[in-house]
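To start, the structure under review is shown below, and the notes come after it.
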Amino acid sequence: MAEDYQVLKEGREDVLRINAEQWSFVPSLENNAVVMAKTIDYLVQVPSTGRIVFTQKRNYSYNYEQTQMLVEIANLYKMLVKQKRILTLADLASKPQSNVFLPEWQSKLQEVVINLLRADPLGAYVELRRLIREEKIKIKKVPLDLVDSQQSYIDTLAYLYNLLDKTRLINIARKNLSGYAIGNREIYSTIFRPIITPDFMFTRLMAQHPLDGEQLDLYSFGQSEVNIYSTEKDIKYLYHLIPPEFKLTEDKYELLDLARGVLAEHKPREEEFLEPEKMRNTFFNIGRDLLQELAESRNIEIGFDELNELANILVRYTVGFGVLEVLLQDKKVQDISINSPIGQTPIFLVHEDFDECVTNLIPTREDAESWASKFRILSGRPLDEANPILDTELILPDARARVAIIQKPLNPQGLAYALRRHRDKPWTLPLFLQNKMISPLGAGLMSFLIDGSRTMLVAGTRSSGKTSLLGSVLIEIMRKYRLITIEDTLELPTDALRVLGYNIQQMKVRSALTKGGSEIAADEGIRTALRLGDSALIVGEIRSLEAFALYEAMRIGALANVVAGTIHGDSPYGVFDRVVNDLKVPKTSFKATDTIVVTNPMKSPDGLHKWRRVTQITEVRKHWVDDPLAERGFVDLMKYDTKQDMLVPTPDLMNGDSEIIKSIGGNVKEWAGDWDAIWDNILLRAKIKETLVSYANRLKNNSLLEAKFIIDSNDQFHRISEIVREEVGNLDPKRIFFSWEEWLKRRIRMRQY
């Protein structure tokens, strides 16, 4: 029997892995009495079991709660078998008058305990109740000299019945036991619901839909299907995923399992991981050929599209990241978290429409360790007890994500992961305008400030959309300027912008959390960027010593080109406090900051929903000496109004009391000393952004709001502005808007978007 199973340690949990490959039936506790009886026998030997897994082409996994019900039955069975006096009714054997009934009583008792209790505990409970009732009727008719023996037999039955009555399995099933027929296992199907996964896949997936779930949404992406449920047991929604690998026939499962075994013999070298796209293509081609050969050798008919689908699945579960890749293909998934101890909790995620969700996916220790090894190689950064933190990025054919990993000793229970999914295409101000993150005037003002080559910090708390908003800033920079981006973890959409015609150079520097390594420090990266010529400088996130170099760049870059970055802080003073007090940048250097844009998540009153909003656009004035807050060094140009759910202008902006905006205007001949002309240009930009959203909503075509079209629109705005200025001598907003809208209508008619 020892060869039939093994006990594996996953975190603090003992997993009983039962080999059912040679069984002629499906290893189902709920549908098969033989399987349940075998399992009870195994649990008698391994009472510490926390989870049961049967392996038979697919893996059938029963969770801790279900396993403990059977462990309790196994312990009860073991105790009764050891107490032979009960099963043999030894106390009655000493009474000569009971010998006539003793064999029959022993037979019934042993049938219940030895056979029925192992194979059908509910049946054993019902049978004991029936026997007690039957014997109580009989006792009224037996001779007086047999009453004591009969009562002793009834007491033994009642003792066993009461033991069973206290078990969790009986407590859960009791309300459904009326009319229960021994051998009918329908009730078991409501109690035991395994997580079924293919044999080539480590991650466990609860394929069955929740019995108490209310379906709120259903959608698909690629070959995967997602159901969103609300359940009574959890205030979080359930994100129920069925990936393509769970929709395959048994023949295809067999092909994948065989192919995976062959490919496992060729472990990719570290240098192959340095070119992940090339490696995936190589494994895809090898896998497809291998699957084709295996299918032909087994006379399995398989089409071209099916072959490609199987090859993609094979790549995903060999050199890829398994079910993580499927989750990241869902454009509505924003964040993914995998907590330790791995294998005991499901994957959690943040959904675009339903916020915090729990999934039906439970990764295993094998998953976690495999992913960690791949991320170490891909990033070239250490992840060990001396370096228990790893920040990196994951770039897949259909998705990009930022990855944070922690392990021992920082995380005493082993590995844990957090992934932030990036949008496939860059965010734009009109897209933010459409989802109300920013108002039309706010978008117009930011466009004006960016064109004015101001220095800008985008601040906010975690998950507030700082990096996404910074990405939209890049879209507003004219393509004629060169851009240099500096990041420790690649998040900005540089590849997409390069394809869209930007002159952009990407630089990757050492993470502030990483010790040593071959990467250069962030501050050195910034100073190097300053030696690469006149460029707009974009810093992904200001965390440490790079703050000094950034402010050096701000002072050098003032009035020449945009210098921008993100930083943690929930207000302008919070940014000042972080930069000056935490990062030790001199107060006088902080004055090089022209504007601070604050974005923060807002919660609904019930706490169940949240949305991101730009809450402030603030200029930093230069006259203050010690405390910008006390000396009115911070002047809000726009501020979020909770009642209107909108970013609205402040009196300072409406009255033209903005030194930064006036300074920008002072560098343009047509605007110098003319606040009305400056204000009209800001309103014009706002109107253009709002008009784009209006056309996109009316036509139900969000392509008009994507980066490709917005860049064309911005280019056209600048061309038209130049033409109008030459024709009439000033930047007439009405003429510019009319010509721009005519261009927009032509593009829409020609379907050029």
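Give the peptides 561-570, 464-473, 411-420 in descending order of average Cβ contacts within 10 Å, highest first.
Those peptides, ordered most packed to least, come out 464-473, 561-570, 411-420.
Could you provide, to the nearest whole Å², the per residue accessible area of the chain with probe 1.4 Å?
Solvent-accessible surface per residue comes out at 45 Å².
Hey, any idea what % of the chain's accessible area is carbon plus sulfur with a 1.4 Å probe?
Here it works out to 50 percent.
What does the charge add up to near Lys140, with Lys and Arg as +1, Asp and Glu as -1, over the other residues with Cβ less than 14 Å from its Cβ?
+2
Could you sort Val598, Val262 by accessible area so the largest value comes first, with the probe set to 1.4 Å?
These residues rank, largest area first, as Val262, Val598.
According to the square roots a ≥ b ≥ c of the eigenvalues of the Cα gyration tensor, what is the shape class of the range 620-753, taking rounded for a/c under 1.5, prolate for a/b larger than b/c otherwise, and oblate for the remainder?
Oblate is the answer for the range 620-753, as a/c is 1.5 or above yet b/c matches or exceeds a/b.
How large is log10 I(q)/I(0) at q = 0.19, 0.20 Å⁻¹ when the Debye formula is applied to the Cα atoms of the range 325-465, each weighted equally and without solvent?
Each listed q corresponds, in turn, to -1.16, -1.23.
Using just the Cα positions, wrap the chain in a convex hull and report its mean projected area in square nanometres, one decimal place.
With the hull built on Cα positions only, its mean projection is 42.1 nm².
How much of the DSSP bridge set in the range 4-63 is antiparallel, in percent, rounded to the nearest 5?
The answer is about 65 percent antiparallel.
Along the Cα→Cβ direction, 7 angstrom out, place labels at Gln56 and Val728. What is the inter-label distance in nm?
Here the answer is 8.1 nm between the modelled labels.
Among DSSP beta bridges whose residues both lie in the chain, state the antiparallel percentage, nearest 5.
Among the beta bridges of the chain, antiparallel pairing accounts for roughly 70 percent.
Considering only protein heavy atoms, what is the solvent-accessible area of Asp582 at a probe of 1.4 Å, reported in Å² to the nearest 10?
Rounded to the nearest 10, that gives 90 Å².
Kirkwood Rh and Cα-based Rg: tell me the resulting Rg over Rh for the range 533-687, rounded to two decimals.
A ratio of 0.98.
Output the Cα-based Rg and Dmax of the range 378-534 in Å, rounding Rg to one decimal and Dmax to a whole number.
Radius of gyration, then largest Cα-Cα span, for the range 378-534: 17.3, 51 Å.
Restricting to DSSP H runs of at least four residues, report the calculated mean residue ellipticity at 222 nm for the chain, -39500 (n - 2.57) per run over all residues, nearest 500 deg cm²/dmol.
-12500 deg cm²/dmol
Dividing the alpha-carbon radius of gyration of the range 105-230 by 2.2 N^0.38 Å (N being the number of residues), what value is obtained?
Output field value: 1.59.
Quote the convex hull volume per residue of the range 162-252, based on C-alpha atoms, as a whole number of Å³.
In the range 162-252, the Cα hull volume divided by residue count equals 171 Å³.
Principal axis extents for the range 212-256, Cα atoms only, whole Å, descending order, please.
41, 20, 12
Would you mind estimating how fast the range 247-372 diffuses translationally, via Stokes-Einstein at 25 °C and 0.890 mPa s with the Kirkwood radius over Cα pairs, in µm²/s?
Using the Kirkwood radius from Cα pairs, D works out to 151 µm²/s.
How would Glu524, Glu476 rank on accessible area, largest to smallest, probe 1.4 Å?
Per-residue accessible area, sorted high to low, gives Glu524, Glu476.
Counting only the heavy atoms of the protein chains, how much of Phe548 is accessible to a 1.4 Å probe, in Å² to the nearest 10?
80
With just the Cα atoms defining each centre, how far is the range 638-652 from the range 429-482? Give it in Å.
Between the Cα centre of the range 638-652 and that of the range 429-482, the gap is 17 Å.
May I ask you to order 240-247, 488-495 by the average number of other C-beta atoms within 10 Å around their residues, highest value first?
488-495, 240-247
Restricting everything to alpha-carbon atoms, can you work out Rg to Rh for the range 414-488 with a Kirkwood hydrodynamic radius?
Radius of gyration over Kirkwood radius for the range 414-488 works out to 1.01.
How would you rank 189-195, 38-44, 427-433, 293-299, highest first, on the average number of other Cβ atoms within 10 Å across their residues?
Taking the mean over residues of other Cβ atoms within 10 Å, the ranking is 427-433, 38-44, 189-195, 293-299.
Of Leu470, Thr156, Phe354, which is farthest along the charge dipole of the chain in the positive direction, counting Lys and Arg as +1 and Asp and Glu as -1 at C-beta?
Sorting the options by dipole projection puts first Thr156.
The values are calculated or read from the model by the stated rules, or taken from the named source; none is laboratory data. Bear in mind that the values here come from a model prediction, so they are computed numbers and not experimental data. Virtual Cβ from ideal backbone geometry, glycine too; neighbours counted across all protein chains shown. Each accessible area value is taken on the protein alone, full model and side chains, heavy atoms only, with ligands, DNA and RNA left out. Shrake-Rupley method; radii C 1.70, N 1.55, O 1.52, S 1.80 Å.
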